[in-house]
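Engineer: Following this message is one structure expressed as structure tokens.
The values are calculated or read from the model by the stated rules, or taken from the named source; none is laboratory data. In this text, all values refer to a predicted model and were calculated from it rather than measured experimentally. Counting neighbours? That spans all protein chains shown, and the Cβs are built from the backbone with ideal geometry, glycine included.
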Amino acid sequence: MVVLGSIEVGFLYTTIVGYLLMTVAYYEMIKLQARQEKEDHIQIKTKWVEWFYFLVVQFYMVPRTWCTQELLYNSGVFLPIFVDDMLYKYHSFYCFCLLAAGMILFVLSLEEGFYAYQFKQMGWSLLNLMVIVTSGHGLLLGLWRVRIWFVYTILCMVLRDTTNVIVSNLIPVGPSMH
């Protein structure tokens, strides 16, 4: 059902499903390590820092991977100047500022007596960002930019099965053959 839908609707469907799967996977992995009894004593909750970094990494990855300037211009989408500047011209600067703001938010969220827990959570969220989000973008890139391999694989399988049927019907090979 999901595969049929992705073939019918295409790019938009696979993008939405991919991002939903990335978000749910990140949420589940972060939830595994969270300790509610410790989170209750922390003023700036660890989940705010984790989700801030998730959004910053997504903001970094989207214009760098699949939503490129060439793709938008070739599809006829013209962005306002400030959006074009934000997503492409000064994108690295904005990402650096957001990452610096995230570090400041993390430092401000540190509570005495919970340093080990908070640093463990930060490390866990960074590891999840590297594993889940960056690999998710890689898989989506593989789906979008290398769509020909999907067709090529299916055609190879059809050709192999057709050849198998033809050869097995024309050339009988069996134990009674001498």
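Engineer: If the Cβ limit is 9 Å and pairs must be 6+ apart or interchain, which residue in the stretch 79-104 that is at pLDDT 80 or above pairs with which residue that is not in a helix (DSSP H, G or I)?
Structural biologist: Y88/T68; Y88/L79
Engineer: Would you mind telling me which numbered condition in (1) surrounded by 10 or more Cβ atoms within 10 Å (Cβ to Cβ); (2) modelled with pLDDT under 75 V173 fails?
Structural biologist: Only one criterion in (1) surrounded by 10 or more Cβ atoms within 10 Å (Cβ to Cβ); (2) modelled with pLDDT under 75 is unmet by V173, namely (1).
Engineer: Do we have Y88 as over 23 Å from L20 (Cβ atoms) and of a type in the set (F, W, Y) here? Steps first, answer last, please.
Structural biologist: Working: over 23 Å from L20 (Cβ atoms): yes; of a type in the set (F, W, Y): yes.
Criteria met by Y88.
Engineer: Can I ask one more? Those residues that are surrounded by 14 or more Cβ atoms within 10 Å (Cβ to Cβ) and hydroxyl-bearing (S, T, Y), I need them from the stretch 70-89; list them, please.
Structural biologist: Hit for the stretch 70-89 is Y88, nothing else.
Engineer: Here is a follow-up. For the stretch 118-128, indicate whether the set of residues that are buried (at least 16 other Cβ atoms within 10 Å of the Cβ), within 27 Å of L21 (Cα to Cα) and either free of Cβ contacts under 8 Å to residues at least 24 places away in the same chain or hydrophobic (A, V, I, L, M, F, W, C) (or both) is non-empty.
Structural biologist: Filtering the stretch 118-128 down to residues buried (at least 16 other Cβ atoms within 10 Å of the Cβ) leaves 118, 121-122, 124-125, 128.
With the extra rule that they be within 27 Å of L21 (Cα to Cα), the set shrinks to 118, 121-122, 124-125, 128.
Now drop any that are not either free of Cβ contacts under 8 Å to residues at least 24 places away in the same chain or hydrophobic (A, V, I, L, M, F, W, C) (or both), which leaves 122, 124.
Yes.
Engineer: Only one residue in M29, M61, M22 is in contact with a Phe, Trp or Tyr (Cβ under 8 Å, 6 or more places away or on another chain) and modelled with pLDDT of 75 or more. Which one?
Structural biologist: Numbers: M61 fails: in contact with a Phe, Trp or Tyr (Cβ under 8 Å, 6 or more places away or on another chain); M22 fails: in contact with a Phe, Trp or Tyr (Cβ under 8 Å, 6 or more places away or on another chain).
From the options M29, M61, M22, the qualifying one is M29.
Engineer: Looking at this structure, is M103 in a helix (DSSP H, G or I) and within 27 Å of G142 (Cβ to Cβ)?
Structural biologist: Details: in a helix (DSSP H, G or I): yes; within 27 Å of G142 (Cβ to Cβ): no.
It is false that M103 is in a helix (DSSP H, G or I) and within 27 Å of G142 (Cβ to Cβ).
Engineer: When you scan the stretch 35-96 for helices (runs of 4 or more DSSP H) that lie fully inside it, which ones turn up with 3 or more residues that are over 22 Å from the mean Cα position of the chain (by Cα) and of a type outside the set (A, V, I, L, M)? Talk me through it step by step, then tell me what you get.
Structural biologist: Working: elements: 36-39, 46-65, 69-74, 81-84.
Passing ranges, in order: 36-39.
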